[in-house]
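Report on one structure; see the data block that follows.
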């Protein structure tokens, strides 16, 4: 006999009421980062020795720009989730934990915005 309510079984949520959302986000972004990281390595290797105009022309390609944007978004989400886990596990005290989690989110957002701005600026020909 199960002590779970039918609603809890249907939602499949744990005691924290988040289920495996954090776990799966971290795994999905990790897998995405593998492929996007390999793309970045290929892109850098293909641009070795190229002049400035060639690099700008390659980065202005919409597929290249979208892939770089996907890497930025996936990478910063993965970074924030990983640091969140570390903060939750090792920071003592509720106030310090909340402050560290807020700073972690702001830092990840700042990195993402700056990187997205840079990619868009280059891809639109600035």
When 78, 22 are ranked with the fewest other C-beta atoms within 10 Å first, the list becomes 22, 78
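How big, on average over all directions, is the shadow cast by the Cα convex hull of segment 71-126, in nm²?
3.7
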Semi-axis lengths (Å, descending) of the ellipsoid that matches the C-alpha gyration tensor of segment 21-123: 32, 15, 10
Sorting 88, 94 on the 10 Å Cβ count, fewest up front, what's the list? 94, 88
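Once Rh is set to the Kirkwood radius over Cα pairs, what Stokes-Einstein translational diffusion coefficient, in µm²/s, holds for segment 51-101 at a temperature of 25 °C and a viscosity of 0.890 mPa s?
For the chosen part, D equals 182 µm²/s.
None of the figures in this text is laboratory data; all of them are computed from the coordinates on show. Nothing here was measured: the structure is a model prediction, and the numbers come from that model. In this analysis, Cβ positions are derived from the backbone assuming ideal geometry, glycine residues included, and neighbour counts consider all displayed protein chains.
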